[in-house]
Amino acid sequence: MNKNPTSNSPPSAEQIQQDVQKFLREKYGADMVHAEVDSLGTKETSTTPKEEEELEIQFDMKPIELEKYLQEYVVQQDEAVEILATKVSTHFNRLRWERDQGKNLPKIPGQIKPNILMIGPTGVGKTYIIKLIADRLGVPFVKGDATKFSETGYVGGDVEDLVRDLVKVADGNIKLAETGIIYIDEIDKIAASQGLIGPDVSRTGVQRNLLKLMEETEVDLRVPHDLASQMEAVIETQRKGKAPRKRVNTRNILFIVSGAFNELEKIVERRMNRQPIGFRDEESKTEYSAGEILKHTSTQDLIEYGFESEFIGRLPVIAKLNELDADGLHQVLTNKYNAVTQGKIRDFAAYGIDLEFSKDTLKLLAEQAYEEKTGARGLTRVFERALIPFEKCLPSTRINKLRFTVEMTKNPREMCDDLVMGITIKEEVSSFKKKTGITLSISPAARNWLRDNVEDGKTPGDILKEKLESYEYGFSLLKRESLQVTVKMLENPKEYLENLIKKSYKK
Ligand SMILES: Nc1ncnc2c1ncn2[C@@H]1O[C@H](COP(=O)(O)OP(=O)(O)OP(=O)(O)O)[C@@H](O)[C@H]1O
Ligand SMILES: [Mg+2]
């Protein structure tokens, strides 16, 4: 194959396709190969809608309907839920209405989509809300991370990859993809940090690339640096004589971006304090929480934070999410759709164990999670911390029901040991009674001894069984109703039994 003649610059997509064609022609002969290559970048290929299915936008949900749906799942965050439900509803209703109006509807020049910026700390429901919306609407949805993109697309990804992914999610249906939702998290990480020159050039570059998408642009589905997509183009040209349209228009794609925006409140607060009427209530000396301050975020603050004004200009809707307090976290846990509680119940169900949480337990777990300061994400952590000992040990016992209590939450390891000990010893005691007629009771010291002598894979009940098993016949000869297990007996059961027998003869 030809080397790219123009020195170091990477070959164009067209060049690659032509090279592939040439290779095929040389190998299999001219008759086998179509000459026409769908050149990337010609206008002609971007408009062949006849080949495509007409898009059916079924959407007719009203804002309140969508809001109600979200409220079933989402705890607190009323303001963000309201804004998102309303703007997303309107966006899709309007797309449908405009389609119904047909071609005669004049374009509104300079129209801005209701792209949405969500501001809120970690684990408070940003991704969750957007996922719920996308699921409910049944529109293609992709989620990206702003930190993964670089200006050139060589290092990480290219912002346009998001649009290509949307087409993949829509099973190649470009029309459908053109009405999808693109959600980009960690958007605050592409803010140019104040007073720094250098790496910020590329962050600003990513902002510029993104803002083109957020407004309107055509994205080519074939990536110049992706050899596979070049091959695909050649193959399709082979099959159909001409490759079908491979461009996606972003005019109607809704962009939702989010970030935690740490330290943004400092910028907002500083600005508010500069204003003639001080933000801080001097009389009462009220200290406002970060959430309270963030409510006053303005475009100006976001620009100071490190965003280009054009970028912020493409995000006309701002939704703020609040930190979840312990009570909020408790509500999250008790929500019937909550993944943490339901997930744990299933983890145990997989071992045939019926897991249940007492009310107070969920309260305590929520309080512990609040200490972690990672929102609802902390819930997973405290659940695992409390439940892992039980999740490890109970499947090897015959326990099939666990009611998780406050004591277990506070002291999981010890409580788990006690539980396993209690239950396995009880099992052994009852099997011993069946064989010998003797009801065993265990002295506290013997209990500790059993606990200290468990080896890997064995339960205290197993140890008790091991110690007594060989002497069961002897014990049954004693014709006793009860017997206390002591440390002495466990350490040397043979001697202990012999002494007992001797004593009984003396009597
Ligand atoms: N307000 C909420 N109501 C109900 N569940 C919530 C809420 N916030 C978070 N959760 C639960 O916590 C999980 C994690 O939250 P989510 O992924 O939305 O965090 P996020 O705000 O996107 O945080 P990050 O900035 O770390 O990405 C969700 O999947 C959901 O189960
Ligand atoms: Mg998230």
Item to complete: Return the only residue of K458, K502, K479 being more than 20 Å from G422 (Cα to Cα) and assigned to a loop (DSSP other than H, G, I, E, B).
Response: K479
Response to the item:
Going through segment 119-150 in order, the residues found to be touching a residue at least 24 places away in the same chain (Cβ under 8 Å) and part of a helix (DSSP H, G or I) are K126, T127, Y128, I129, I130, L132, I133, A134, R136, L137, A146, T147
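Looking only at segment 306-331, filter to residues that are within 14 Å of ligand 1 (Cβ to nearest atom) and either among the charged types (D, E, K, R) or modelled with pLDDT under 90 (or both); which one of those is farthest from A80 (Cα to Cα)?
Only one residue fits best here, namely D327.
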Worksheet item: Looking only at segment 340-375, which residues are in contact with a Ser or Thr (Cβ under 9 Å, 6 or more places away or on another chain) and closer than 14 Å to T122 by Cα?
Response: A369, K373, T374, G375
Worksheet item: Does I108 qualify as being more than 14 Å from ligand 1 (Cβ to nearest atom), under 23 Å from L294 (Cβ atoms) and either over 21 Å from the mean Cα position of the chain (by Cα) or in contact (Cβ under 8 Å) with a residue 24 or more places away in the chain (or both)?
Response: no
Fill in: Given (1) within 30 Å of E384 (Cα to Cα); (2) surrounded by 13 or more Cβ atoms within 10 Å (Cβ to Cβ); (3) of a type in the set (G, A, S), number of the condition G457 does not satisfy
(2)
Discussion item. With the structure loaded, tell me whether E414 is assigned to a helix (DSSP H, G or I), surrounded by 15 or more Cβ atoms within 10 Å (Cβ to Cβ) and modelled with pLDDT under 90 or whether it fails that test.
Written reply: no
Worksheet entry | Pairs, first away from ligand 2 (no atom under 16 Å from the Cβ) in segment 257-269, second outside any helix (DSSP H, G or I), C-beta under 6 Å, six or more apart | V268/H296; V268/T297
Worksheet item: Which of the residues belonging to segment 159-188 are under 30 Å from G306 (Cβ atoms), of a type in the set (D, E) and either within 16 Å of ligand 2 (Cβ to nearest atom) or at pLDDT 90 or above (or both)?
Response: D165, D185, E186, D188
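The values are calculated or read from the model by the stated rules, or taken from the named source; none is laboratory data. Note that the coordinates shown come from a computational prediction; the quantities given were computed from them, not determined experimentally. Virtual Cβ from ideal backbone geometry, glycine too; neighbours counted across all protein chains shown.
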